[in-house]
Amino acid sequence: MTDGDERPRPQYGEYATPEEQRARIRRPEVTESLEAGVAPAPEPSVAAAPAAAPKPGPLADRFVTFGLLIYGFITVVSTIIQLLDFPGYAERAAQLLGVQATYTALNAGYVWGAIASVAYGVGYLLTAWLTWRRLRRGRIAFWVPLVGFVATTVVASVCITIALTSDPAYFSSLTGGLLK
């Protein structure tokens, strides 16, 4: 400030240059240097540390997770193949229960079998994607295929149940055979 300057003396740094303001905010010791009329020491250059890549999770978790995903893939593919021939699927289910029953609601069986197949496929893909994301971040992931299996099975089971109950004669044969 010059003697001829009629502005009041700044109290809070409002006349400071933007560089001076930034320096004082980042490094409080600069304020003392500037008030003493001394040029502040240059700011130490800090090289930006490279972002650390996430470390992979425990090896056992990865083995178990991949094992579950592989087992799930094989199971989902074979189940989808069976569900696309729903009348055959229903008759094999009756044979496993020891019941003589013929599934006759073909339209409902094919539609609900296809819907259950899509549910299995989408459920597996979603599970694999969520598992992959967790593994990439280095997090424990073995539980994701297990939860995905349960959630997908619940949705597909509802579809299969709807298909099985759409044939009253078949369904009564199944329930009658189970109650014996």
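The values are calculated or read from the model by the stated rules, or taken from the named source; none is laboratory data. Note that the structure is a prediction, hence the values are computed from the model and not measured. In this analysis, Cβ positions are derived from the backbone assuming ideal geometry, glycine residues included, and neighbour counts consider all displayed protein chains. To get the accessible areas, we keep the full protein, side chains included, count just its heavy atoms, and leave off ligands, DNA and RNA. Shrake-Rupley method; radii C 1.70, N 1.55, O 1.52, S 1.80 Å.
For LEU130 and ILE81, what does the FRET efficiency come to when R0 = 22 Å and r is the distance between their Cβ atoms, rounded to the nearest 0.05?
Plugging the Cβ-Cβ distance into 1/(1 + (r/R0)^6) gives 0.35.
Over region 72-115, give the accessible area per residue in Å² for a 1.4 Å probe, as an integer.
Working: 2610 Å² over 44 residues.
For region 72-115, the per-residue accessible area is 59 Å².
Taking 0.36 nm per residue of sequence separation and subtracting the Cα-Cα distance, how much length would be gained by fully extending the chain between THR153 and THR17, in nm to one decimal? Spell out each step's value before the answer.
Values: separation 136, 0.36 × 136 = 48.96 nm, distance 6.62 nm.
In short, 42.3 nm is gained.
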Where the centroid of each part is defined by its Cα atoms, how far is region 58-78 from region 134-149 in Å? 10 Å
Would you please state which residues of region 59-81 a label at ARG139 would reach in this model, taking the label point 7 Å out along Cα→Cβ and a backbone N cut-off of under 17 Å? 61-62, 65-66
In nm, give the distance between the simple-model label positions of ALA36 and LEU106, each being 7 Å from the Cα along the Cα-to-Cβ direction. 9.7 nm
